[in-house]
Amino acid sequence: MRVYLSILSILLLIFVSGCSSNVNGKERDAEYVLRLGHLQTETHPYHKGALKFKELVEEKSNGRIRIDIFPSSQLGNGRDQIEGAQIGSIHFHIGSVAPVTNFAPKFNLLNLPYLFESREHAFRVLDGEIGKEIASDLENRGLINLGYMENGWRHMTNNKKPIKTSADAAKLKLRVQESPPYISFIKALGSTPVPVPFGELYTALEQKVVDGQENPLAQIYLNKFQEVQSYLTLTAHNYDAAVFLMSKTTFDTLPEELQKAVSEASAEAVDYERKVAMEDEKKLLEDLKKTEIEIEENPDLDSFREAVKQVYEEYEETIGKELFDKIESLK
């Protein structure tokens, strides 16, 4: 009993300290001071979406809620932040789907290559019943998914050779997220997947621990991977949806009117972040063209789709063909 009370006391202290008022001006009146973390820079769409959410929720709550934003992995890596949200020491997290699969395996579906043929197709899936079904297990793990933001289409870079076809991607050491479908994808191309934490990726590329990696243009450009990579191929092999997670403990603690403010603000912030991400993607490609990295804009995507068919065969039993058919019907 003493152990239980001790743990409860610690969690309460964390939450209360997060809700303390130790700032000047009007912000001192906030009843709830909540922390939002993500891994990217302050110029990334995640951060712009977080700022919009902060603006909206503070307005809709009439200042009763204040959001403090911590970018650039200040609150730890993706898994650290998700675990923090589980116990309420971190209140919101925006991030890639891959770390979430450790808590809700259905999210593995979204890591499969070439699942969506367009953003519109992705939105129809994510914003509908399938998106809800994928996230349904999170509440049992102390988490709520407020919506799906966007990390963008993932592309490949490397420091060895130009890649035009799937065969060109063979025999490389490629950094991947620690996610079974990403690992299967790289293996299907005939290369070696090497899990590396995102915060260590630039150094791993610079020191040639890995030959290359795959990420959206925002991560590539804003983290200066073009400085340590010679070739970029626009494979668009995965539409990387981003989860917008909230601690269920925190949500349940809020009065009903503030829960409504959070829900409404998050829905608007998701729409805003997606538009920003789309606009930024076009500009980022132009910015990358001004660097020394060599860009293959028109790779043979059919060869990549053919090469990764075995990945779908691998996951069909665990994910279910019926779900694949539902996604196909929404094209």
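Does E227 meet the test of being over 20 Å from D80 (Cβ atoms) and over 22 Å from the mean Cα position of the chain (by Cα)? Show your work before the answer.
Numbers: over 20 Å from D80 (Cβ atoms): yes; over 22 Å from the mean Cα position of the chain (by Cα): yes.
Here the answer is yes, as E227 does meet what is asked.
Could you tell me whether D80 is without any contact (Cβ under 8 Å) to a residue 24 or more places away in the chain and under 24 Å from A218 (Cβ atoms)?
Working: without any contact (Cβ under 8 Å) to a residue 24 or more places away in the chain: yes; under 24 Å from A218 (Cβ atoms): yes.
Here the answer is yes, as D80 does meet what is asked.
Please verify whether the stretch 64-72 includes one or more residues that are within 15 Å of N151 (Cα to Cα) and open to solvent by 10 Å² or more (accessible area, probe 1.4 Å). Don't jump to the end; show me each part of the working.
Going residue by residue through the stretch 64-72, those that are within 15 Å of N151 (Cα to Cα) are 71-72.
When the remaining residues are screened for being open to solvent by 10 Å² or more (accessible area, probe 1.4 Å), the result is 72.
Checked the stretch 64-72: at least one residue is within 15 Å of N151 (Cα to Cα) and open to solvent by 10 Å² or more (accessible area, probe 1.4 Å).
Name the helices (runs of 4 or more DSSP H) wholly within the stretch 215-331 that hold at least 3 residues that are of a type in the set (D, E, K, R), touching a residue at least 40 places away in the same chain (Cβ under 8 Å) and open to solvent by less than 60 Å² (accessible area, probe 1.4 Å)?
Numbers: elements: 217-222, 248-253, 256-289, 301-307, 309-319, 321-329.
Answer list for the stretch 215-331: 256-289.
Quick one: is Y46 in contact with a Cys (Cβ under 6 Å, 6 or more places away or on another chain), of a type outside the set (G, A, S) and either surrounded by fewer than 17 Cβ atoms within 10 Å (Cβ to Cβ) or over 23 Å from P180 (Cα atoms) (or both)?
On the way: in contact with a Cys (Cβ under 6 Å, 6 or more places away or on another chain): no; of a type outside the set (G, A, S): yes; either surrounded by fewer than 17 Cβ atoms within 10 Å (Cβ to Cβ) or over 23 Å from P180 (Cα atoms) (or both): yes.
Spelling it out, it is not the case that Y46 is in contact with a Cys (Cβ under 6 Å, 6 or more places away or on another chain), of a type outside the set (G, A, S) and either surrounded by fewer than 17 Cβ atoms within 10 Å (Cβ to Cβ) or over 23 Å from P180 (Cα atoms) (or both).
Scanning for something over 28 Å from Y148 (Cα atoms), part of a helix (DSSP H, G or I), open to solvent by less than 60 Å² (accessible area, probe 1.4 Å) and in contact with a strand residue (DSSP E or B) (Cβ under 8 Å, 6 or more places away or on another chain), does the stretch 179-198 turn up at least one residue?
No, because not a single residue in the stretch 179-198 is over 28 Å from Y148 (Cα atoms), part of a helix (DSSP H, G or I), open to solvent by less than 60 Å² (accessible area, probe 1.4 Å) and in contact with a strand residue (DSSP E or B) (Cβ under 8 Å, 6 or more places away or on another chain).
For the stretch 175-188, indicate whether the set of residues that are over 23 Å from A50 (Cα atoms), at pLDDT 95 or above and of a type in the set (D, E) is non-empty.
no
Quick one: E150 ticks every box in (1) of a type outside the set (F, W, Y); (2) surrounded by fewer than 22 Cβ atoms within 10 Å (Cβ to Cβ); (3) part of a strand (DSSP E or B) except a single one, so which number is it?
That leaves (2) as the condition not met.
The values are calculated or read from the model by the stated rules, or taken from the named source; none is laboratory data. Because the structure is a prediction, the values reported are computed rather than measured. Heads up, the Cβs are rebuilt from the backbone with ideal geometry, glycines too, and the neighbour counts pull from every protein chain shown. Ligands, DNA and RNA are stripped out before the accessible areas are found, and what is left, the full protein with its side chains, is counted by its heavy atoms. Shrake-Rupley method; radii C 1.70, N 1.55, O 1.52, S 1.80 Å.
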